Amino acid sequence: MIPAPTYDEQRALIASLAPARLRRFRAAVGGADRAAVELALVDASLASHLHAVLRFLEVALREHLHRALTAHFGPRWFETQRDSFDEDLLRQVETAITRVGVGAQPGQVVAQLMLGAWVAVLGRGGRRPDGTKASYTETLWEPALSPAFPGRTRREVHRIALRLNWARNRINHCEPVVFGFPQPGIVSEGRQLRRSPGRILEDARMLTAALSPELGAWTRRWDAVDTLVQDERALSALDHIATDRRVSLER
């Protein structure tokens, strides 16, 4: 756990942050500096633990999809199937190849693809460079990926992976997580939809279990992250954000 700062360390911490950084934390605790810092430390700990879960999940998902695509299309599927890719996925694949060099081993190329690329592979597909519509359901999901997710639909797997990619990006950009995770472009009754840390954790565990029941069982024994999700300060932060009329919170 992160140690509580001394008074001088607290002053230095507050001075090191932009005024807007602690504004929401202060608002959630009634303006007291000490309580705001304590909430910020809970936020940092929670983000750290969620990042660890997402880190293992990202690597496992990457390998799971790579193996499934390899089994059907061969180890260089990212080259043999490139005509079926939309502009966004094609750009990401070409960037990955450029980084490691043409002719690099498939594993080297695959390791360069970020989580967003794998979320795209699970998506519907957008416009190809020639202007035609890519259909990943027909070209990727049905022939290669559906057997890797028995009993689940492409849409279901994609939605979970998309939410986790948004969560990963928020954590990596050092944004607060204790107030929930905004769902870009999704509104409920005219209000911005946010997903609680507990919901994000459940998403991660659900997708991990779809990749491997054993790994899924392991992630459910990460008691420290459950403790942080249920920390009374974290729950109070969710209570605070739920009062914002611009926000619809999924708890």
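The values are calculated or read from the model by the stated rules, or taken from the named source; none is laboratory data. Bear in mind that the values here come from a model prediction, so they are computed numbers and not experimental data. Here Cβ is always computed from backbone atoms with ideal geometry, including for glycine, and neighbour counts include all displayed protein chains.
General remarks:
- Boolean, ALA237 is more than 18 Å from the chain's Cα centre (by Cα), assigned to a helix (DSSP H, G or I) and over 19 Å from PHE181 (Cα atoms): no
- Matching entry among ALA44, ALA32 (being modelled with pLDDT under 95 and over 30 Å from VAL110 (Cα atoms)): ALA32
- The residue that is modelled with the highest pLDDT, among those in segment 176-187 that are over 13 Å from ALA242 (Cα atoms) and over 13 Å from the mean Cα position of the chain (by Cα), is PRO176.
- Criterion applied to ARG163, ARG152 was being assigned to a helix (DSSP H, G or I), closer than 25 Å to ARG67 by Cβ and charged (D, E, K, R), and the one residue passing it is ARG163.
- Cβ-Cβ under 7 Å pairs, at least 6 apart or on other chains, segment 207-234 side modelled with pLDDT of 95 or more, far side of a type in the set (D, E, K, R): ALA210/ARG152; GLY216/ARG205; THR219/ARG205; ARG220/ARG205; ARG233/GLU38
- The criterion of being within 22 Å of the chain's Cα centre (by Cα), part of a loop (DSSP other than H, G, I, E, B) and β-branched (Val, Ile, Thr) does not hold for VAL157.
- The residue of segment 190-249 that is surrounded by the fewest Cβ atoms within 10 Å (Cβ to Cβ), among those that are among the charged types (D, E, K, R) and closer than 23 Å to LEU145 by Cβ, is GLU214.
- In summary, helices (runs of 4 or more DSSP H) completely within segment 33-128 and bearing 1 or more residues that are without any contact (Cβ under 8 Å) to a residue 12 or more places away in the chain, among the basic types (Lys, Arg) and over 30 Å from LEU201 (Cβ atoms) occur at 87-100.
- A single member of LEU193, LEU164, LEU145, LEU140 is in contact (Cβ under 8 Å) with a residue 40 or more places away in the chain, under 20 Å from GLY123 (Cβ atoms) and in contact with a strand residue (DSSP E or B) (Cβ under 6 Å, 6 or more places away or on another chain), and it is LEU193.
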